[in-house]
1. Residue under question is residue 66, and the condition is that it be out of contact with any helix residue (DSSP H, G or I) (no Cβ under 6 Å at 6 or more places or on another chain) and surrounded by 13 or more Cβ atoms within 10 Å (Cβ to Cβ); does it hold?
2. Run down 278, 282, 312, 266 and say which single residue is crowded, with 17+ Cβ neighbours inside 10 Å, within 16 Å of the ligand (Cβ to nearest atom), modelled with pLDDT of 95 or more and more than 21 Å from residue 125 (Cβ to Cβ).
3. Within segment 233-256, track down each residue that is assigned to a loop (DSSP other than H, G, I, E, B) and out of contact with any helix residue (DSSP H, G or I) (no Cβ under 9 Å at 6 or more places or on another chain).
4. Tally the residues that are farther than 9 Å from residue 325 by Cβ and crowded, with 18+ Cβ neighbours inside 10 Å, restricting the search to segment 14-24.
5. Within segment 288-333, can you find the residues that are over 16 Å from residue 33 (Cβ atoms) and free of Cβ contacts under 8 Å to residues at least 40 places away in the same chain?
6. Just a yes or no: is a residue in segment 283-301 over 28 Å from residue 326 (Cα atoms) and touching a helix residue (DSSP H, G or I) at 6+ places or on another chain (Cβ under 6 Å)?
7. Of everything in segment 151-175, what is without any contact (Cβ under 8 Å) to a residue 24 or more places away in the chain, part of a helix (DSSP H, G or I) and touching a helix residue (DSSP H, G or I) at 6+ places or on another chain (Cβ under 6 Å)? Give them in sequence order.
8. Residues 232, 221, 210: which one is away from the ligand (no atom under 15 Å from the Cβ) and either within 24 Å of residue 77 (Cα to Cα) or surrounded by 12 or more Cβ atoms within 10 Å (Cβ to Cβ) (or both)?
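The values are calculated or read from the model by the stated rules, or taken from the named source; none is laboratory data. Predicted, not measured: the structure shown is a model, and the values here were computed from it. Here Cβ is always computed from backbone atoms with ideal geometry, including for glycine, and neighbour counts include all displayed protein chains.
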Ligand SMILES: [Zn+2]
């Protein structure tokens, strides 16, 4: 482990266990952001998956560490704190998008350690076979569905003026995965229609990737998980005109109202993107709170429509002390 990483780990641990750290974190809350929990850790280690995926061993390691240092509470306990009896800082878990693996791989561990969580659904995907473009394109280009679909997609990408970088032929797996990560990030600037056409060129996976409403209700009935909206189509809200923004917000809100017993009064911006117009519309759709992706600690005084979170990657889940270092940095006034 590099010396810098060891120093961060040690300082993070000291901070959480010092009177100063305890004092700074009292009455505030840490909101963590996750996406997927895969079935194996090695798959999650690869750079092009690392940011959005954690493996089951790393996730369990994270939960054990969180239970040791924090009170793990539901999101609404952080937003409506009431009287806090415990001296320990509080943390809550949020998952974006609504991946099926949240029910299959994450939930059994949440249940084992009795850690509450909130899942934010891109509602058009729930109970459908509609796919997220970055996942379909990424895995097809990675070769997860074989060589033929990969070559076909590469041709389609060439046609929209996005040839695959030559480094994707590197023999080193990690370097190849890192190249794919950067390439996928560069595709975010393509028009949504192009992205959805390219997704249609990818092979259909045998199982749906998103949760269905039955799974949503079963998780909700456990009392451990609550749900909120994360867009309907996952369109970036700041890029929509007023009418499409209104449709996107209404459709996702109504889907949650139909599909859940007790949806959260919290919106979660796709990609974390919001501006004054989006925040106003979200408030007008009866959401007093919304989650962004800006880093920081929730202290009650922050803008309730731009709540900060700390992203958890496979690397952080494997080394949660790195998270305490980032919390320490986020706690500095
Ligand atoms: Zn998302």
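1. yes
2. Selected residue: 312, the only one of 278, 282, 312, 266 that is crowded, with 17+ Cβ neighbours inside 10 Å, within 16 Å of the ligand (Cβ to nearest atom), modelled with pLDDT of 95 or more and more than 21 Å from residue 125 (Cβ to Cβ).
3. 241
4. Final tally of qualifying residues: 3.
5. Scanning segment 288-333 gives 288, 301, 303, 305, 329, 332, 333.
6. Yes, some residue in segment 283-301 is over 28 Å from residue 326 (Cα atoms) and touching a helix residue (DSSP H, G or I) at 6+ places or on another chain (Cβ under 6 Å).
7. If the condition is that a residue be without any contact (Cβ under 8 Å) to a residue 24 or more places away in the chain, part of a helix (DSSP H, G or I) and touching a helix residue (DSSP H, G or I) at 6+ places or on another chain (Cβ under 6 Å), then 167 is the only one that fits.
8. Testing whether each residue is away from the ligand (no atom under 15 Å from the Cβ) and either within 24 Å of residue 77 (Cα to Cα) or surrounded by 12 or more Cβ atoms within 10 Å (Cβ to Cβ) (or both) leaves just 221.
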